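Colleague: Take this structure, written in structure tokens, and hold onto it; I'll ask about it next.
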Amino acid sequence: MPSVAFQLITAGLVIWLLTVVQRKISRIQNALGDLGDCPGRAILWLHPFRSLALVTGSFYPLKGQMGDYFAKFSQYSEYGSTCLSSVIFWRAIPTYFVADADAVKFINNERHLFEKDVEAYEPLNIYGYNIGSVAGSEWKRHRSIVKNAFNEANNAFVWSETCRFISQWFSSLDADPAFSHGEQSTDVLAIFKQIAFLVIASAGFGAKMNFNLDMDIEKTPQIDRLATTNSEVPVLSFGVSLTTSMKRFFVRLFAPALMYPIAKRIEIPMISRVLEETTVGFSSLKWHMQSVISDARDAYLKEPVHGIDNVRKQGLVDAPTKDASAALLRNLVQANMAEEAGSNRRLTDDELTSNTFVFLLAGHETTAHSLCFALILLAIHPQIQAKIYEEVCQLWPDPPSLDQPPAYKDTIPRLEYTTATFYEAIRLFSPVPRLGKTVLVDTTLKARKFSTNLEGKITGIEEYNIPLRAGSIVIVDSHGLHMNPIHWGDDVAKFKPERFIDTPTYKWPRDAYASFSQGHRSCIGQRFAITEGTCVLANLLRRYEVLLPVELESKPREEQERILLAWKPGVTIIPQNARVRLKKRWA
């Protein structure tokens, strides 16, 4: 028979467990009560705006469950509301998914009511705090330092550098024996990642490199001793170290630090290699970032007007630049070398490195992935590809010499349809599917209720108010917003670049477009990305026809789209099968 002590301990544990369960149920009931009459009322087992949700997003939540990354607007249609409610189980937090343009505009513009959910961005603080992971006055400080680097002079430099790298790619294609018959199957993800990396490395950070068709920065790295941070850690090339770091980003986030030395001493199948790649990738990337930072510091101090005494005394973070190359890095370095203490325009060494990392990440992954989706959509829709070809032929009757590229300011305004195509691809495949905000004070959010008739059209639209409690989370659902027929029309699922071209009787719904966020925290590099994407599409389609892979040509369009447009969640959404054929338009 159990002892009295054992019985008391068991009884105590049971009482404690029942108390915990009762408190949890009570908190969840209270949170559900806070949701009011907002439809949904789902219980979420994972926070929808945390890293674990990205890791599991390919398979969980299941189809039809709240928080499904692939649901688009379907759940909003099911509940007949542009806002859906839920409660996160573990913390009993009321959480709202929003796909309503007016509500999203209100959320993004009312900074005293809503604040960026900075807790979700803590994984980006690998090297320190950065512009993406801070809010309030700290965010203003970071933004004030970098904002003047993103201007028309920099956009013109982005254009010319993109032309340079495209020219090198085309030359590599022409010299490739596999392209001798004028047609070649291409995995464009690796190509576009390399081009996008080269552009941000050059235009943002002054790192001068060339395109190399043989360098696949997507491949699992071979540990070559090109350089070392110390005697033990070999350094990969700049591009490979960046892509390796991003592939192993969640490994670094979730793998316990204790695992690394164990896996180094004891060969654990698969795990040891993955952890080694993670260590080498991030160490190599830091080495390269510190190298370009060091070069920028040396160059800056050699400028007479920017001697070290002037830097320390004046904090010349807004000093005019000689050219647009490395304008971003120059601003970051100037802020790092400004007044040593108490300056609200100064960056610490860690902040300098961390901002370099974040801009490298944002400046290459988003553009590269968006270009992949754009090119696949054009292969599936040759009639739209033909319209771009007609536009660029009117602009360039003869293919332009990319060694002396056409002027940015004279060219970009005349590529209206090409630019609209890139916008439309990003609407359908927004790089960041959702953004989270924390509710700072009690407020009210306006959303819409509606009905769907037998033809699938939305009717009976009416506004209603949703009370939001301080501490709640609102999720700006970019994919849901972009597929909302209330804002984009009944053909919302159609690939239709014309919807981004204003006419005397039509203005495209800017408040319903959230790929670059909105309001005071909108993406600072939007024009950078659009300039680069438009340049790639225009020049590529002037020279090559983009075709489907041979084995998919006879398949129904739905199957072509299912295979080629597949993606998985990540830091940005990642295309899984970006394959096309490129066919030369002339001999």
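Colleague: Using 1/(1 + (r/R0)^6) with R0 = 41 angstrom and r between the beta carbons of Phe254 and Lys494, what's the FRET efficiency to the nearest 0.05?
Modeller: FRET efficiency, Phe254 to Lys494: 0.55.
Colleague: Using the structure shown, select from Lys147/Lys496; Lys72/Lys105; Lys208/Lys302 the pairs with a Cα to Cα distance greater than 21 angstrom.
Modeller: Numbers: Lys147/Lys496 33 Å; Lys72/Lys105 19 Å; Lys208/Lys302 19 Å.
Listed pairs above 21 Å: Lys147/Lys496.
Colleague: Could you work out [θ]222 nm for the chain from helices alone, using -39500 (n - 2.57) per DSSP H run of at least four and dividing by all its residues? Round to the nearest 500 deg cm²/dmol.
Modeller: It lands at -15000 deg cm²/dmol.
Colleague: Please label the shape of region 49-190 as rounded, prolate or oblate, based on the square roots a ≥ b ≥ c of the eigenvalues of the alpha-carbon gyration tensor (a/c under 1.5 means rounded; beyond that, a/b larger than b/c means prolate, else oblate).
Modeller: Oblate, since a/c reaches 1.5 and b/c is not below a/b.
Colleague: Still on this structure: What ³J(HN,Hα) values, in whole Hz, does the Karplus curve 6.51 cos²θ - 1.76 cosθ + 1.60 give for region 58-69 when θ = phi - 60°, with x put for Gly and Pro?
Modeller: Those phi angles translate into 5, 10, 8, x, 5, 4, x, 8, 4, x, 4, 5 Hz.
Colleague: Of Ser430, Ser554, Ser284, how do they rank once you tally other Cβ atoms within 10 Å and put the fewest first?
Modeller: Working: Ser430 24, Ser554 9, Ser284 27.
With the sparsest Cβ surroundings first, the list reads Ser554, Ser430, Ser284.
Colleague: State the extension gain, in nm to one decimal, for the chain segment bounded by Glu390 and Arg345, taking 0.36 nm per residue of separation less the distance between their alpha-carbons.
Modeller: Contour length minus Cα-Cα distance gives 11.4 nm.
Colleague: I've got another one for you. Between region 543-587 and region 454-475, how far is it from one alpha carbon centroid to the other, in angstrom?
Modeller: That distance is 36 Å.
Colleague: Taking a ≥ b ≥ c as the square roots of the Cα gyration tensor eigenvalues, with a/c under 1.5 meaning rounded and otherwise prolate when a/b beats b/c, else oblate, which class fits region 542-587?
Modeller: Oblate is the answer for region 542-587, as a/c is 1.5 or above yet b/c matches or exceeds a/b.
Colleague: Give the order of Met209, Met246 when sorted by the count of other beta carbons within 10 angstrom, beginning with the fewest.
Modeller: Listing Met209, Met246 from fewest to most nearby Cβ atoms yields Met209, Met246.
Colleague: Then there is this: How many angstrom lie between the Cα centre of region 161-192 and the Cα centre of region 232-293?
Modeller: Region 161-192 and region 232-293 have Cα centres spaced 30 Å from each other.
Colleague: Pairs of alpha-carbon atoms within less than 8 angstrom and 6+ residues apart define the contacts here; what relative contact order does the chain have, in percent?
Modeller: Working: 933 pairs, mean separation 129.4, N = 587.
Across the chain, relative contact order equals 22 percent.
Colleague: Please report the net charge: other residues with Cβ closer than 13 Å to the Cβ of Val292, K and R +1, D and E -1.
Modeller: +2
Colleague: Can you give me the C-alpha center-to-center distance between region 486-532 and region 402-445, rounded to a whole angstrom?
Modeller: Answer, in whole Å: 7.
Colleague: Also: Scan around Ile93 for amide H atoms under 5 Å from its own, H built in the peptide plane at 1.01 Å from N, and keep only partners 5 or more places away or cross-chain.
Modeller: Amide H neighbours of Ile93, under 5 Å, 5+ apart: Ile88.
Colleague: Let me ask something else. Of the labelled options (i) 25.8, 96; (ii) 33.9, 116; (iii) 28.4, 97, which one gives Rg and Dmax of the Cα atoms in Å as computed for this structure?
Modeller: (i)
Colleague: Counting other beta carbons within 10 Å of each residue's own, what order do Glu115, Glu277 fall into, fewest first?
Modeller: Glu115, Glu277
Colleague: Can you work out the Karplus-derived ³J(HN,Hα) for every residue in region 445-459? Use 6.51 cos²θ - 1.76 cosθ + 1.60 with θ = phi - 60°, whole Hz, and x for glycine or proline.
Modeller: After applying 6.51 cos²θ - 1.76 cosθ + 1.60, I find 10, 8, 9, 10, 9, 7, 10, 10, 7, 5, 8, x, 9, 7, 9 Hz.
Colleague: Next question. What are the ³J(HN,Hα) values, in whole Hz, obtained from phi via the Karplus relation 6.51 cos²θ - 1.76 cosθ + 1.60 with θ = phi - 60°, for each residue of region 549-557 in sequence order, with x given for Gly and Pro?
Modeller: After applying 6.51 cos²θ - 1.76 cosθ + 1.60, I find x, 3, 5, 10, 4, 8, 7, x, 4 Hz.
Readers should treat all values here as calculations from the given coordinates under stated rules, not as data from a laboratory. Computed from a predicted model, the values in this text were never measured in an experiment. Here Cβ is always computed from backbone atoms with ideal geometry, including for glycine, and neighbour counts include all displayed protein chains.
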